[in-house]
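The values are calculated or read from the model by the stated rules, or taken from the named source; none is laboratory data. Just so we're clear, the structure is a prediction, and the values are computed from it rather than from any experiment. Methodologically, a virtual Cβ is constructed for each residue, glycine included, from the backbone with ideal geometry; neighbour enumeration extends over all protein chains shown.
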Amino acid sequence: MGRLRSSYQLIPPGEPVRLAKRSSNLFRPRAETERPGLDVSGLTGVISVDAAARTADVQGMCTYEDLVAATLPHGLTPMVVPQLKTITLGGAVTGLGIESSSFRAGLPHESVLELDILTGAGDIVTARPEGEHAELFRTFPNSYGTLGYATRLRIELDRISPYVALRHVRLGLDRLAPAIEEIVASGIYEGEPVHFVDGVAFSPSEAYLTLGRNSDAAVKTSDYTGQQIYYRSIQQRQKDFLTAHDYLWRWDTDWFWCSAAFGAQKPLVRRLWPRRWRRSDMFHKIIGFENRHQFAARLNRRRGQPDRERVVQDVEIPVTRLAAFLRWFDTEVGMRPVWLCPLRLRGTTAWPLYPLEPGTTYVNVGFWGTVPIAPGAADGDVNRRIEAAVAEFDGHKSLYSDAYYDRDTFDRLYNVPALTEVKKRYDPDARLTGLYEKAVTRR
């Protein structure tokens, strides 16, 4: 904490306060700066795990990879473990996160019992659901650092067995919603318990739900960190077993399916690509290099190929509108495959800055890649059409990637007036960049 406080003091009065960290799982480029930032290098660890109480005290910049490594020996895991290893706990709470337990465990911030926050005013306060800083506690999720940065969090943990047994169930688009609603209501599908559920739509005629069940034993476990590729196995086998560790990180090795863009799914390249570098943060670094130098974009232009628009989004669609949205998306955008992950708030109260309705089941639809920019079109047009469609389907969009909303629409969708009121108390001099400025103008 000493380094953090000292680095705050070194930021000149009136200058914006931001993190001095090189890594990020955000997909929107932001303006480069030479200004000093907050030194969070001492906030990367797990402070303690209380196996009896099923809680953990964790520093804000601790990655889920390190957090899981500390909890799994106790047969425990965070209630929700986002898919990529280098996502931090503090980042998932202030920026939201999701995974296959979200149909019963909600979002990462819903398992936070208390957290210490460095505010824009330079104070460290402990926020809890009740008490002096309850308003900050409720408004912190989806604030993306506009109210402060979490330095310590106490979170609930969930039990997990040594293995996870998987069923890959193929369903038509119109059968997805009834199956998801049955699982949410009962925790059972076709007579077997379901502890985890996500899915993949490879096309409008080929979609799967992957149903996971805690298991104390396994016939034979698969390994998708070598030559085999997890997402392809969904089409190839109906049942599978993974260790709990490999299940939690099943998407990280190939960054879902995005490793194909780097040639990492070609057998020869895969054999030559060191296993320790076959992980999401390495692919993210390659993307960062391309964003800075535009090497591939220039090469494509020389080949006479059109420029491409980045379409990297996660959107929450009410389960009752899922099939219609997927058909619209495939017709209008055409990216395949897409990820499906049911979620439902644990509690009965909405969270101010990301107003999902309590008691409503949503499905996160994730799609990540690029599309060619059509003649006469502009970069961002496809993303704008998606934003409009998400609203038409009564959905909501995450803010970890590009956003194109005008300010009035953005303020309405993400309840910026409520955020502004809380900022008046905890960031009175506006040292922390605003949410619109971060999400849309990339500051």
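The figures follow:
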{"read-out": "Selection within the range 226-253 - among the charged types (D, E, K, R), assigned to a strand (DSSP E or B) and either surrounded by 17 or more Cβ atoms within 10 Å (Cβ to Cβ) or out of contact with any strand residue (DSSP E or B) (no Cβ under 9 Å at 6 or more places or on another chain) (or both)", "value": "240"}
{"read-out": "Output for the range 82-97, where each listed residue is in contact (Cβ under 8 Å) with a residue 40 or more places away in the chain, farther than 16 Å from residue 438 by Cα and not polar (S, T, N, Q)", "value": "84, 85, 87, 89, 90, 93"}
{"read-out": "Only one of 185, 177 that is in contact (Cβ under 8 Å) with a residue 12 or more places away in the chain and aliphatic (A, V, I, L, M)", "value": "177"}
{"read-out": "Residue in the range 323-342 that is under 20 Å from residue 105 (Cβ atoms) and of a type in the set (D, E, K, R) present", "value": "no"}
{"read-out": "Helices (runs of 4 or more DSSP H) wholly inside the range 350-443 containing at least 3 residues that are crowded, with 21+ Cβ neighbours inside 10 Å, modelled with pLDDT under 95 and in contact with a Lys or Arg (Cβ under 6 Å, 6 or more places away or on another chain)", "value": "none"}
{"read-out": "Residues satisfying the stated conditions in the range 70-81, i.e. of a type outside the set (Gly, Ala, Ser), surrounded by fewer than 24 Cβ atoms within 10 Å (Cβ to Cβ) and closer than 29 Å to residue 181 by Cα", "value": "76, 77, 79"}
{"read-out": "In the range 426-443, the residues that are within 14 Å of residue 18 (Cβ to Cβ) and in contact (Cβ under 8 Å) with a residue 24 or more places away in the chain", "value": "427, 430, 431, 432, 433, 434, 435, 438, 442, 443"}
{"read-out": "Every pair of residues 6+ apart whose Cβ atoms lie under 7 Å, when the first sits in the range 230-253 and is closer than 15 Å to residue 209 by Cβ and modelled with pLDDT of 95 or more while the second is in a strand (DSSP E or B) and of a type in the set (S, T, N, Q)", "value": "234/210"}
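One line per residue, one yes/no per condition, for (1) more than 21 Å from residue 99 (Cβ to Cβ); (2) β-branched (Val, Ile, Thr); (3) within 23 Å of the chain's Cα centre (by Cα):
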site	(1), (2), (3)
266	yes, no, no
270	yes, no, no
286	yes, yes, yes
310	yes, no, yes
317	no, yes, yes
352	yes, no, yes
358	no, no, yes
361	no, yes, yes
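Okay, residues lined up against (1) buried (at least 20 other Cβ atoms within 10 Å of the Cβ); (2) out of contact with any Ser or Thr (no Cβ under 7 Å at 6 or more places or on another chain):
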| position | (1), (2) |
| --- | --- |
| 296 | no, yes |
| 299 | no, yes |
| 304 | no, yes |
| 307 | no, yes |
| 317 | yes, yes |
| 321 | no, yes |
| 324 | no, yes |
| 328 | no, yes |
| 336 | no, no |
